[in-house]
Each structure stands twice: as C-alpha cells, then as structure tokens.
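Below is one structure, written out as structure tokens, with a few remarks after it.
The values are calculated or read from the model by the stated rules, or taken from the named source; none is laboratory data. Bear in mind that the values here come from a model prediction, so they are computed numbers and not experimental data. For neighbour counting, all protein chains shown are included, and Cβ atoms are generated from backbone atoms with ideal geometry for every residue, glycine included. We work out accessible area using only protein heavy atoms, side chains counted, and drop any ligands, DNA or RNA first. Shrake-Rupley method; radii C 1.70, N 1.55, O 1.52, S 1.80 Å.
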Amino acid sequence: MTLPLLDNRRARRLFLDRHLLLRPGAGPGRGADLDTVLTDLGFVQVDSVNTLARAHDLILWSRRGQYRPRALEQLVARHRTGFEHWTHDASVIPMDFYPMWRLKFERDAARMRSRWSEVRREGWAEELDKILRHVADRGALCSRDVGEGEARGSTGWWDWHPSKTALEFLWRSGDLAICHRQGFRKYYDLAERVIPSQLRGVQLSTAEIVDWAMSAALARLGFATSGELAAFFEIVTRDEAKAWCAEALAAGRICEVEIEMADGSRRRSFTTEAALDAAADLPEPSGRVRLLSPFDPALRDRARAERLFGFHYRIEIFVPEAKRRYGYYVFPVMQGDRLIGRLDAKRTGQRLALRAFWPERGVRMGRARTEGLMAELGRVRHLAGVEEVVCAEDWLRAPG
C-alpha cells in the first residue's frame with residue numbers, strides 16, 4: 001500500500017505549528033494565557049544556565065513576547081496550575097497532567113531502588129521517614145536543610161549524602177512536591193500540601209495512562225515514530241509504545257505517513273487524518289527572526305531536528321574550550337520554517353553582548369535578515385533585563 005507523503009516543507013510547518021512557532025504569538029504570557037501555552041507545549045524544560053536568560057524563560061518568551069519570569073514562578077508557587085517533575089529532564093508540567101504522573105512516580109521509585117541495591121548504599125532507607133517527618137512538622141525545605149550536600153567525587157545522585165538522596169527519592173516518587181523556588185533553589189513540601197486534592201484523588205489504570213501519554217504526545221508532535229512518542233513524556237516504555245501504535249492503527253485512530261526529511265529521504269511515521277488535513281492548510285510562517293533556547297521543545301530531540309531541518313546542533317558546555325567549534329552556550333536562530341544559524345550572546349551587567357553569529361550554509365545575511373536579527377536582540381533584552389545590545393566588530397562569522 002502506498003502511504004501518503006508529507007513533503008518536508010509541510011512537515012516542518014506542521015511540526016512548528018504544534019510547537020507554537022509558526023505563527024506570531026499573541027497574549028500577555030501570564031495567568032490563563034500562560035497556562036494555555038504550557039498545556040499546548042506539554043511541558044517546559046527547566047535549566048539553570050543563565051548566560052542570557054534561563055532556558056524555561058526563553059522558551060516561553062519565544063512564544064509570548066510579553067512573558068516575564070515572574071509569571072512562571074506564580075503559575076507553580078501561587079496558582080498551582082503547574083508542577084515540577086521529570087519528563088526527559090526536570091520540567092514544569094501542567095497541573096492537570098498530575099494524575100498521569102503516578103505511573104512515572106512508581107517506575108522512577110522502582111528504578112531508584114534498583115540503583116541503590118546495585119551500589120549497596122547504606123543509610124538511605126532510614127532517611128525516608130526522617131525527611132517526611134521533618135517536612136510534616138516544620139514545613140518546606142531545600143537540599144541545603146538536610147545532610148551535607150553532594151559528596152565530593154560523586155558519580156551520580158545515589159552517591160549523595162543519605163538525607164539528600166532520600167529527598168530526591170521522595171520527590172521523584174511523588175511523596176514530596178516542589179512548592180516554590182528561591183533563586184534557582186528548589187523547596188519541597190508534602191505533596192498533599194501542594195497538589196490540589198481533586199487531582200491527587202484521581203486513579204487511572206496503566207492502560208489509561210499509556211493511552212493518554214501516547215495520544216497527547218502525537219497531538220503535540222504532529223507526526224512521530226513509536227519511539228519518538230514514548231520519548232516525549234518518558235512515561236511509557238518503548239514496548240508499550242509499539243503495542244499502542246499497533247492497536248491504534250488497527251482501530252483507525254491513527255494512520256501511517258511518509259515524512260520527507262531535509263535531505264530528501266523518507267521516514268515512516270504515525271499521524272492522524274486531522275493532522276494531515278491541518279498540514280494542507282497551514283499559513284505562511286512568520287518572517288520574524290527568532291532566538292531559541294538550546295532546550296526548546298522543537299529542538300530537544302537533536303536527531304529529529306537534524307533530519308527535519310538539516311540543522312546539526314550540540315551544546316558545548318562540557319567540551320573543553322580549545323575543542324569547541326562555536327562556544328560555551330550558543331542559541332539556535334530560526335526564521336520562518338528554517339533554522340538559519342547559531343548565536344553567541346551573553347549578558348554582562350546592563351549590556352547584552354553579541355559575540356558571534358554563524359549563519360548556516362546557504363543563508364545570506366543581507367540587510368533585511370541582519371536587521372531582523374538585531375530586532376530580535378532588541379526584543380530579548382527586555383527579558384534579559386539589560387539596557388542595550390552591543391556587538392563585537394567581528395560578530396558575523398563564516399557559515400558554520
């Protein structure tokens with residue numbers, strides 16, 4: 001049977017539309033509007049690197065130019081419409097998704113217990129009740145309030161001081177929840193004092209959670225393989241994902257499609273008839289030059305981004321400086337439905353310094369595109385809290 005083909009141009013646009021990057025974003029970027037953005041994305045990864053703005057703030061700002069970091073803090077700590085936990089990494093997740101995370105709590109707890117067993121760590125089990133009693137009696141605490149911090153020479157969280165290990169376990173397994181942050185430091189409280197009672201009481205079967213996770217992932221990606229769907233929230237296993245796809249395909253809930261990659265090759269994926277209809281009627285993309293976070297949801301899967309956009313991107317934080325091709329922390333830059341380059345910029349006092357920009361091969365930095373890039377830096381300075389943008393004399397580099 002010949003499968004329908006989604007050409008690369010339409011595939012990119014469908015994918016970007018599902019990630020809220022195809023059209024101009026309108027809205028105040030706070031309150032109910034921010035809740036909608038978070039729900040549409042599925043989650044926002046939290047990261048501590050702050051050369052310009054933290055990853056989660058830049059992700060949300062790129063969708064809502066009026067967004068400011070205080071809005072996400074209030075969403076989690078005051079309004080309780082989002083909670084912090086794990087997807088592929090630490091993330092802020094819509095609070096309505098909390099019942100589906102029970103399966104992740106169970107599986108994370110089992111995985112952590114297995115690791116403890118492997119390294120035969122002593123003292124951690126006795127700390128669990130101690131930490132819970134401490135939080136119940138005294139209220140929220142942070143890692144600094146327990147134990148002695150991370151052990152020198154640690155090779156992983158299971159080498160931490162037992163009380164810090166217990167704190168991590170209780171959060172990952174759902175007994176504790178992050179109630180707020182001070183600076184970037186997490187504070188934990190009993191889940192019953194953070195998570196709304198109507199959500200804590202919801203009990204779903206494993207099959208119901210798997211069905212939700214797979215359906216929700218496909219809705220946010222537009223098209224994907226079973227492995228890509230499993231990796232979206234990292235709640236379900238790859239075997240569960242394969243079984244779900246087979247059942248959903250047989251039931252006519254999803255269909256198969258050939259996706260044209262940037263190099264002309266084709267990749268068989270799953271989608272829905274509704275998504276195919278939407279892909280045929282998408283508007284032209286916004287011409288805005290967009291500065292993206294290295295952890296943007298659209299780029300989180302580096303291999304998929306390379307296949308779909310022809311954009312090879314790696315973070316070089318852990319690469320020795322002498323071996324870096326670009327820089328410590330460079331930002332992907334998008335225009336329309338193309339990734340046009342990468343930018344090295346850093347906040348220094350009240351200035352945002354543009355140190356370098358490497359256009360992709362075939363991207364010409366004419367007057368209009370250069371002005372578009374400068375306009376984007378002018379916009380992002382409000383998020384970064386700086387007064388001006390300054391450019392190095394040699395900021396425009398040879399194509400990467």
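Going by the conditions given, is residue 188 assigned to a helix (DSSP H, G or I) and modelled with pLDDT of 95 or more? For residue 188, the condition - assigned to a helix (DSSP H, G or I) and modelled with pLDDT of 95 or more - is not met.
Within the range 303-321, the set of residues being more than 17 Å from residue 400 (Cα to Cα) and exposed (fewer than 15 other Cβ atoms within 10 Å of the Cβ) comprises 303, 317, 318, 319, 320, 321.
Taking the criterion of being touching a strand residue (DSSP E or B) at 6+ places or on another chain (Cβ under 8 Å) and of a type in the set (D, E, K, R), the residues of the range 348-373 that qualify are 351, 355, 360, 369. I'd like the residue in the range 379-395 that is out of contact with any strand residue (DSSP E or B) (no Cβ under 6 Å at 6 or more places or on another chain) and under 30 Å from residue 68 (Cβ atoms) and, out of all such residues, is least open to solvent (accessible area, probe 1.4 Å). Residue satisfying both the conditions and the ranking: 383.
When every residue of the range 149-159 is checked against the conditions, none turns out to be crowded, with 19+ Cβ neighbours inside 10 Å, in contact with an Asp or Glu (Cβ under 6 Å, 6 or more places away or on another chain) and either modelled with pLDDT under 95 or hydroxyl-bearing (Ser, Thr, Tyr) (or both). Just to verify a result, which residue in the range 107-124, among those that are in contact with a Phe, Trp or Tyr (Cβ under 8 Å, 6 or more places away or on another chain) and in a helix (DSSP H, G or I), is modelled with the lowest pLDDT? Here the residue is 119. The single condition from (1) among the basic types (Lys, Arg); (2) within 30 Å of residue 214 (Cβ to Cβ); (3) more than 21 Å from the chain's Cα centre (by Cα); (4) in a loop (DSSP other than H, G, I, E, B) that residue 314 fails is (3).
The set of residues in the range 162-183 that are modelled with pLDDT under 90 and either open to solvent by 50 Å² or more (accessible area, probe 1.4 Å) or more than 24 Å from residue 111 (Cα to Cα) (or both) contains only 183. Could you give every pair whose Cβ atoms fall below 8 Å, whose first residue belongs to the range 369-393 and is in a loop (DSSP other than H, G, I, E, B), and whose second residue is open to solvent by less than 40 Å² (accessible area, probe 1.4 Å) and hydrophobic (A, V, I, L, M, F, W, C), counting only separations of at least 6 or pairs across chains? Note: pairs meeting the criteria are 386/352; 392/353; 392/354; 392/356.
Conditions tested, residue by residue: (1) over 27 Å from the mean Cα position of the chain (by Cα); (2) open to solvent by less than 10 Å² (accessible area, probe 1.4 Å).
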site: 245; (1), (2): no, yes
site: 250; (1), (2): yes, no
site: 255; (1), (2): no, no
site: 260; (1), (2): no, no
site: 267; (1), (2): no, no
site: 270; (1), (2): no, no
site: 274; (1), (2): no, no
site: 293; (1), (2): no, yes
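On the basis of being in contact with a Ser or Thr (Cβ under 9 Å, 6 or more places away or on another chain), touching a residue at least 12 places away in the same chain (Cβ under 8 Å) and over 20 Å from residue 8 (Cα atoms), does residue 347 make the cut? So residue 347 fits the description; yes. When restricted to residues that are of a type in the set (Gly, Ala, Ser) and farther than 15 Å from residue 131 by Cα, the range 170-187 contains 1. Residue 47 - would you say it is surrounded by fewer than 22 Cβ atoms within 10 Å (Cβ to Cβ), touching a Phe, Trp or Tyr at 6+ places or on another chain (Cβ under 6 Å) and either at pLDDT below 95 or in a helix (DSSP H, G or I) (or both)? Judged against the criteria, residue 47 is a match. Screening residue 204 against (1) in contact with a Gly (Cβ under 8 Å, 6 or more places away or on another chain); (2) in a loop (DSSP other than H, G, I, E, B) leaves a single unmet condition, (1). Residues in the range 327-363 that are touching a Lys or Arg at 6+ places or on another chain (Cβ under 6 Å) and outside any strand (DSSP E or B) were compared, and the one that is surrounded by the fewest Cβ atoms within 10 Å (Cβ to Cβ) is 337. Kindly check whether there is at least one residue in the range 223-233 that is under 24 Å from the mean Cα position of the chain (by Cα) and farther than 25 Å from residue 8 by Cβ. Looking for residues that are under 24 Å from the mean Cα position of the chain (by Cα) and farther than 25 Å from residue 8 by Cβ, one finds at least one in the range 223-233, hence yes.
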